[in-house]
Every structure is written in C-alpha cells, then in structure tokens.
Amino acid sequence: MAIMQPYPGLDELLEMIGEAGQRLSEIDSTEGAAGNISVYMGWELEPRRYFRDIEMIQLPTTVPTLAHKSFLITGSGRRLREIIKEPTAHIGFVTINEGGTTAQLYKAANCRFAHLTSELNSHLAIHRDHLEDTNFHVVIHAQPPYLTYLSHVPAYRDDVYLNRHLLRWEPECIVHLPEGIGYIPFKVSGSTGQEEATVAALRQHRLVIWGKHGVVARSDSSVKRASDIIEYAETGARYEYLNLVNQERGEGLTDAEIREICQAFHVQQNIFYLGERLLASTDNFPIYKLRKTT
Ligand SMILES: [Zn+2]
C-alpha cells in the first residue's frame, strides 16, 4: 500500500508522531523514556525549515538499499509523551548516505538528544524489509504492561496459545490483527539477534512482542494505525490478565463467534479455525509457519 497525494508535510508528520506518543503514554506504554518511533517518507521533503543543524552519523546496521531515503526518528532518552509539545526537540530528520553505513542527521536548534534511539538498527532493518511496495512506513516500539507481563508467563510464548487467548476478548482484535501477534523470545536491545528476529516476524505480523520487553508495530498507512494496533493488542492482554485474576470465569468470544465476525467483515484469519481441516494445511497459515521457524 502507498499513500496518495497530497502528501503530508513535515509539520503534519511531526504532529502525527506527537499524537501517537501521547496516546501510547495514556495507555501506560512509554514509562520514562521507553519507546521510540520512526517514519519513512518516500517523497521530497526539505528538512532545513525545521532541522537546520547537520551532522554525519555512523549507522548501527548497514542498509545500502535505503540510500537517499529519509526518515523522522526519535532521539535516545526522549520521552514520547513530550513530543507533542515540542516535536523538533525530540525527533531528528535522517537521510541515509550512499552505501548505507552513514547518514546525514538534521537536528533542530531546540534538539535535546545527542543520539538517535538505541534500537535504530531494528527500525532501519524493518523499514528496509518493507519499502519496496510503499512510499510511507511507520515503526513504533512501546512497552505496554499487560502484553509485556504476559510474555513473562511461559504459556503465552506459544504463538497459537497467545493469539487464541488475547484476540478473543473484543470483536475489533481479529479485524485489526488478522495475522495475529508475533512473539520473539527475549533478546538484548540493539542486538543483531533482536534485529533479525524482528524483521522475520514482521514479515508475517503487523505487531510483534519482544519477550520480557515490549512490542514493535509497523504500518504503511498511518502513524496512528501503528499505535492503534498496539492499543488493541494491549486491551486484549488486559482482558486476559483480568480473566486470569478472576479465576478464568470469562468465556471470551467463541471460535464460532469470531468466525462470524470474520465472515461479516471479510477478514481472512487462521487463528480461530474450524477443526482439523485448517490445522492440516500449514503452508497457507503463517502463524504455524512462524512457530516452526522460531
Ligand atoms: Zn524498549
């Protein structure tokens, strides 16, 4: 998917990032300076109206196919909830140089960070994997507490168990997350292992849990869409938690009810299946493929 003209200008993009940061903060997913956002814009933008200072930076991962492409990226140690008040203080404009090992970082006069997010390697690698078919791409990392808490409970590390339990609590979940939520076991932030596992999981999912850490969401339609799917998944996790502490008295939507929703809204999914028939045809059902490869 690509977004159509008229393309949003820098002011609008900064405002959208600010609104997403604010909403993620309202749902307690950005404690302290946790979380980061990056946005790829595949059209001409002049950074110097907002970001006048330029420096060359070394990139944490080599991305030659991203040469000459531009991104807005949050700074390390910045608070997502504060972006909305003064976006240019917390965000840099980055254009990747030829060869993909360095970039031009444009900073504003009121810039309050020295470096970009420490998870820049994963952000860039995820963008690299998706830019072929789009002119706009958003990656958000946040730390929603219920999703993260459940990743500490061993049963929820199985992607089939995870999805069947989290997506059963409200009708919207399966509509917005038809491929389910991906899961990656704990990896240290900024590591190559985290980067590679995240890229692989986001080929099949819009949202991935980083075990014992948080989540990463991507969208090629809007910044808010990426934060919305975090919110839907977090709401599912919250219901699941409530149910765990209430002696599992809740029923959740049944498989048949979820399939009814999917039929009405033309949603293709493979999580709330019909008996053995779908379980047997693993090739067409990424959720099972993912389990085999991790
Ligand atoms: Zn984090």
Q) How about the stretch 71-116: which of its residues are closer than 20 Å to A217 by Cα, of a type in the set (S, T, Y) and touching a helix residue (DSSP H, G or I) at 6+ places or on another chain (Cβ under 7 Å)? A) T74
Q: Hey, can you tell me all the residues within the stretch 154-163 that are surrounded by fewer than 16 Cβ atoms within 10 Å (Cβ to Cβ) and without any contact (Cβ under 8 Å) to a residue 60 or more places away in the chain?
A: P154, A155, Y161
Q) Of all residues in the stretch 268-277, how many are exposed (fewer than 14 other Cβ atoms within 10 Å of the Cβ) and not in a helix (DSSP H, G or I)? A) 2
Q.
Among the numbered criteria (1) part of a helix (DSSP H, G or I); (2) under 24 Å from Y273 (Cα atoms); (3) at pLDDT 95 or above, which one does V160 miss?
A. (3)
Q. For the stretch 206-236, what are the residues that are in contact with a Pro (Cβ under 8 Å, 6 or more places away or on another chain) and farther than 19 Å from A20 by Cβ?
A. G211
Q) Which residue pairs have Cβ atoms under 6 Å apart, sit 6 or more places apart or on different chains, and have a first residue in the stretch 27-41 that is in contact (Cβ under 8 Å) with a residue 40 or more places away in the chain and a second that is open to solvent by 20 Å² or more (accessible area, probe 1.4 Å) and near the ligand (Cβ under 10 Å from one of its atoms)? A) S29/Q143; A34/Q143
Q) What tally of residues in the stretch 13-41 results from selecting those that are open to solvent by less than 80 Å² (accessible area, probe 1.4 Å) and within 16 Å of the ligand (Cβ to nearest atom)? A) 14
Q: Considering (1) within 16 Å of the ligand (Cβ to nearest atom); (2) under 16 Å from L13 (Cα atoms), say which one T117 fails and leave the rest.
A: (2)
Q | Scope the stretch 2-31; condition part of a loop (DSSP other than H, G, I, E, B) and among the hydroxyl-bearing types (S, T, Y); matching residues | A | Y7, S29, T30
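The values are calculated or read from the model by the stated rules, or taken from the named source; none is laboratory data. All values derive from a computational prediction rather than experimental measurement. We place every Cβ from the backbone using ideal geometry, glycine too, and count neighbours over all the protein chains shown. The accessibility values were calculated without ligands, DNA or RNA, using every heavy atom of the protein model including side chains. Shrake-Rupley method; radii C 1.70, N 1.55, O 1.52, S 1.80 Å.
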